[in-house]
Number of protein chains: 2
Amino acid sequence: MRVSRFPLFTVKETPADAEVISHQLMLRAGLIRKLAAGIYTWLPLGLRVLRKVEAVVREEMNRAGALELFMPAVQPAELWQESGRWQQYGPELLRIKDRHQREFCFGPTHEEVITDLFRREIKSYKQLPITLYQIQTKFRDEIRPRFGVMRAREFLMKDAYSFHLDQSSLQEGYQAMYDAYSCIFTRLGLLFRAVLADSGSIGGSRSQEFHVLADSGEDAIAFSTGSDYAANVELAEALAPMGERPAPGEAMTRVSTPGIKTIAELCAFLHIPAERTVKAVVVEGVDEQPVLLLVRGDHEVNAIKTEKLPQVKTPLVFASPDAIRAAFGASPGSLGAVGFSGVIIADRTVVKMADFVTGANADDWHFTGVNFGRDCLEPEVADLRSVVEGDPSPDGHGTLAMARGIEVGHVFQLGQKYSAALNAAVQGEDGQPEIVTMGCYGIGVSRVVAAAIEQNHDERGIIWPAAMAPFQVAVLPIGAGRSAAVREAAEALYQNLLAVGIDALLDDRDARPGVMFADMELIGIPHRVVISERNLTAGQVEYRGRRDVDNTLVARAGLLDWLRERLEMTGRG
Amino acid sequence: MRVSRFPLFTVKETPADAEVISHQLMLRAGLIRKLAAGIYTWLPLGLRVLRKVEAVVREEMNRAGALELFMPAVQPAELWQESGRWQQYGPELLRIKDRHQREFCFGPTHEEVITDLFRREIKSYKQLPITLYQIQTKFRDEIRPRFGVMRAREFLMKDAYSFHLDQSSLQEGYQAMYDAYSCIFTRLGLLFRAVLADSGSIGGSRSQEFHVLADSGEDAIAFSTGSDYAANVELAEALAPMGERPAPGEAMTRVSTPGIKTIAELCAFLHIPAERTVKAVVVEGVDEQPVLLLVRGDHEVNAIKTEKLPQVKTPLVFASPDAIRAAFGASPGSLGAVGFSGVIIADRTVVKMADFVTGANADDWHFTGVNFGRDCLEPEVADLRSVVEGDPSPDGHGTLAMARGIEVGHVFQLGQKYSAALNAAVQGEDGQPEIVTMGCYGIGVSRVVAAAIEQNHDERGIIWPAAMAPFQVAVLPIGAGRSAAVREAAEALYQNLLAVGIDALLDDRDARPGVMFADMELIGIPHRVVISERNLTAGQVEYRGRRDVDNTLVARAGLLDWLRERLEMTGRG
């Protein structure tokens, strides 16, 4: 493409209402424009990127044996009533009435439509398993759309659905999609992790999220430095420390701690590390009685894990200061197990501790040298806390590190939620109807573009991974007047690049070099070749990769091969 | 693809609610399934066809220099209020309220959105002309959706918009799109005509429709047998006959025609051809007085042309029998110019007639040997009638023939309708703001698929033009048990076809030959190769083109080259 025929809608100013860097850069680089809140037009440059993502997704889905179809955006309410989601789905579901006052929605997802299609078309177990997908515009009426296409209302999604006779077939289909997703994000050149996740409102038994790692990500992820284990930090299992609990070595001593309420204050006051302290938190038990939770002073009680404990009331209720005073005779900052005869649950780390420091159930007093069994009841044990950096990985390989991520994909084992509701059954081997088991698998295609920018940018603009770059190479003829030699050399290189199938962008504007450099850096073209009169005279051109700090002079003779090698090295998707 | 991994959703029965053949065949061949009235899912086989159409459209649009972008489906009401169409557009506009009760619509077209984008982004005449397009899902809430994807509510459309500084630039841009459309439909292998059309409700000065010719088409088209002239039959100009009006040769004679009301009755009674008679029709003039229209007995008054006459009231009102009796003293079947002193407008053909037969303005009486000037007033002259088969073509080349067509594309010169309403101006050469001039250009991508079937089918199913075929070659191994040799030969051919880039479908089902033949004919694969034990022994396979009546035995040696040659001959898009 020539810039004269492919206008760049770049802008210098950072748009005031764009909070995150990807949104700012997508506007500044001329990839998108806002039409309404959470509704964006993809400009030609942005669409090239979107289509490249789409193409990689399509290729890998096809390679995995999934069949592409194309379902309508507008879906009849009847199917959503059949699944029960017409009522359950909140105002995010954009409801529509047609001219005959019949109810429809603009599909936020397609479980109902695909399950309806399945039950009409697939009759026998012999036709299973089958995985169907589409790449299509969805609408979710977010209450507060923001961050550009990252949390838009109208967006492009790849959604796939698999149908199986049994759980083991679902497991295989799920794995195939997991593998395809890994290929997709790898080919797209993104740093990512498949993260164990809660399956949320879609329901189902097992799910993983694919997160692009970026400091600006909304989700906190714990991942192993020694394996591909990763989980939402709230869900990652905290293992028990190795070894046995040491024998008591100190006598329990009641110490005055006037005005001390927090672990930090306690440690400073007693000159001890937080690892020697035990923090107590009180929640309501299933029998409405207080349950005492113990975690190490430097750890935090994890509410999601706590709520899953059989001893604890659901939904989780933290005890009020009044209830605590009634049960313990002290304020929340001075609690401990000593003297408490109710249910005590200690974190796996705490139960291995000896001679620890804890509240004395009296304001302004603590105990040191406390030991389970000797000074207080032996507690029940559970995984109560959130993991921290350096914890051993739950899969036994390496230790955990923390990162932030942007969710770009999700694989679910749906089970029979929709197939049972819509009675999607096939004739089994024994001739009897069997409700099928389903999986569903989404990729936020437009969101991937924003996530890639969050991960790959600098102060000058976007740095596209090769597979997503709208153009691979920018060819910039510079110099006042652009001599015929400069123009011809640029044109020849441009044509040669196209001839070998490399997407090149020739900046044939009559612009100053600074303007051209700034534009090409802003829009993130991975490779740049500058052609000037002076270098040309020496038989050279100036090359710079988007992440390079310096220019490299390259001989024109053999330039194309040199560039192709460079492109191969950095990957072309 | 292998049928074992690419299930065909073919059905034998003709669906009851499908009225037209394309709808029936699209359902039977498993291309689409209905989700709701006018809302269809594209199954994998159908989507392959749709994508092939899309690809040809995209390539030719790009070649013509148009830039692809992607606008949202959901559009804010404010823009439609600014253009005035929020009020004007009837219930076909699917109006939506979001969770905040803000008004939107599901875009049936994108003039407002693109004009809004333009006015924000394009500031100078130097950036013109520019043509932008998208391929996108639209929604029009048809009161009676029918004929499958032919008149669906949700459908895929390519819509392009061009922006110009002046009319001559618009004319160039319009011509470029016209040429691109001609390339597109030619490449798709369709018989089509570009038809002069009324610009309808979108407004603008000049427009042409692209029609795929098919007997089942909704629109009647007049086209030249000697040029590319074509027009909606209602709009085609009827030229004046060559030569002068003959001198009168007969005396005017009043003849009794008891009970005669129609031209057919008159001709039978007097033993004369209809070409010698003149039919009279009365409409209201601008001054509410009756205007007498004269067309030849075998012609029909054209209401669209008549309404455009300055002498005639708008909208057109045909005079009532009472008004006619008051003005002429006779019934509608007995009218003529003799003795009438009001406005008389004769068709161009009539004004060249001499010695004609016409009503005598008295029931049961006619005149023969009537001549203008001598027996009645010399009339005003206009093009009053619809063209008929055999008329000279208005462009002076050849004569007109009639056909029926399905509109699949439309090119418009919009002018400033939207740019003026939305104040889309650029800085002109003189520094002053100038409202731009626009064109818009649509192709009903999903409709093209149905139109192609209407034009290309037989009693056994679809006959895809090469460029639209979901697969080019079907490879069918047959024979009980499918010997290893048969399987291997089929597999080898399939792999060889894929290796040279030919889309092949291997029917690896364990089905009877009749089932496989019927399926492949129904889904319209252009080329079929049958591999059987008996022929294989003789070193041969059986070939049949979809339109062929007989099989051809072809030697396996050189089969691939033979097939490639055959594909080249029949076009591969």
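The values are calculated or read from the model by the stated rules, or taken from the named source; none is laboratory data. The shown structure was predicted, so the numbers you read here are calculated from the model rather than taken from an experiment. When we count neighbours, we look across all protein chains shown, and the Cβ atoms used for this are built from the backbone with ideal geometry, even at glycine.
Structure notes:
- Among strands (runs of 3 or more DSSP E) entirely within segment B:338-387, having at least 1 residues that are within 23 Å of B:ALA238 (Cα to Cα) singles out B:343-347, B:356-362, B:380-382.
- Checking B:GLU542, B:GLU521 one by one, the residue that is surrounded by 15 or more Cβ atoms within 10 Å (Cβ to Cβ), touching a strand residue (DSSP E or B) at 6+ places or on another chain (Cβ under 9 Å) and more than 22 Å from B:LYS12 (Cβ to Cβ) is B:GLU542 and no other.
- The set of residues in segment B:396-434 that are assigned to a loop (DSSP other than H, G, I, E, B), at pLDDT below 95 and of a type in the set (S, T, N, Q) is empty.
- Residue check, B:ALA264 among the aliphatic types (A, V, I, L, M), under 27 Å from B:ALA220 (Cβ atoms) and without any contact (Cβ under 8 Å) to a residue 24 or more places away in the chain: yes
- So A:VAL74, is it closer than 27 Å to B:LEU93 by Cβ and of a type in the set (Val, Ile, Thr): yes
- For A:VAL149, the conditions (1) more than 10 Å from chain B (Cβ to nearest Cβ); (2) surrounded by fewer than 16 Cβ atoms within 10 Å (Cβ to Cβ) are fulfilled apart from (2).
- Residue that is nearest to B:GLY336 (Cα to Cα) [pool: residues in segment B:244-286 that are of a type in the set (D, E, K, R) and within 42 Å of the chain's Cα centre (by Cα)]: B:LYS279
- Residues of segment A:7-56 that turn out to be within 14 Å of chain B (Cβ to nearest Cβ), hydroxyl-bearing (Ser, Thr, Tyr) and either farther than 28 Å from A:ARG187 by Cα or surrounded by fewer than 19 Cβ atoms within 10 Å (Cβ to Cβ) (or both), as a count: 1
- Scanning segment A:285-299 for residues that are modelled with pLDDT under 95 and of a type in the set (D, E, K, R) yields A:ASP287, A:GLU288.
- Those residues of segment B:113-125 which are facing chain A (nearest Cβ under 10 Å) and out of contact with any helix residue (DSSP H, G or I) (no Cβ under 7 Å at 6 or more places or on another chain), in sequence order: B:ILE114, B:LEU117, B:ARG120, B:GLU121, B:ILE122
- Residue within segment B:390-408 that is in contact with a helix residue (DSSP H, G or I) (Cβ under 7 Å, 6 or more places away or on another chain) and surrounded by 16 or more Cβ atoms within 10 Å (Cβ to Cβ) present: yes
- Residue in segment B:553-568 that is surrounded by 14 or more Cβ atoms within 10 Å (Cβ to Cβ), assigned to a strand (DSSP E or B) and of a type in the set (Phe, Trp, Tyr) present: no
- Just one of (1) touching a helix residue (DSSP H, G or I) at 6+ places or on another chain (Cβ under 6 Å); (2) within 18 Å of A:ILE260 (Cα to Cα) fails for A:ILE272. It is (1).
- Test: residue in segment A:65-74 that is touching a His at 6+ places or on another chain (Cβ under 7 Å) and within 9 Å of another protein chain (Cβ to nearest Cβ): yes
- Matching entry among A:ALA268, A:ALA240, A:ALA280 (being closer than 19 Å to A:PHE372 by Cβ and modelled with pLDDT of 95 or more): A:ALA280
- First in segment A:472-495 and among the charged types (D, E, K, R), second anywhere and outside any helix (DSSP H, G or I) and surrounded by 15 or more Cβ atoms within 10 Å (Cβ to Cβ), Cβ under 7 Å, 6 or more apart: A:ARG487/A:PRO477
- Residues that are touching a helix residue (DSSP H, G or I) at 6+ places or on another chain (Cβ under 7 Å) and farther than 30 Å from A:GLN24 by Cα number at least 1 in the following strands (runs of 3 or more DSSP E) confined to segment A:435-542: A:437-444, A:527-531.
- As for segment B:60-72, it holds no residue that is of a type in the set (Gly, Ala, Ser), assigned by the TED database to the domain that holds B:TYR418, surrounded by fewer than 22 Cβ atoms within 10 Å (Cβ to Cβ) and part of a helix (DSSP H, G or I).
- Number of positions in segment B:323-380 that are modelled with pLDDT under 95, crowded, with 18+ Cβ neighbours inside 10 Å and of a type in the set (S, T, N, Q): 1
- Evaluation of A:VAL3 against (1) free of Cβ contacts under 8 Å to residues at least 40 places away in the same chain; (2) crowded, with 18+ Cβ neighbours inside 10 Å (one fails), failing number: (1)
- Restricting segment B:75-106 to residues that are touching a residue at least 24 places away in the same chain (Cβ under 8 Å), more than 7 Å from chain A (Cβ to nearest Cβ) and in a loop (DSSP other than H, G, I, E, B), the residue that is surrounded by the most Cβ atoms within 10 Å (Cβ to Cβ) is B:LEU93.
- Within the set B:THR109, B:THR137, B:THR131, the sole residue that is more than 10 Å from chain A (Cβ to nearest Cβ) and either aromatic (Phe, Trp, Tyr) or within 26 Å of A:ARG153 (Cβ to Cβ) (or both) turns out to be B:THR109.
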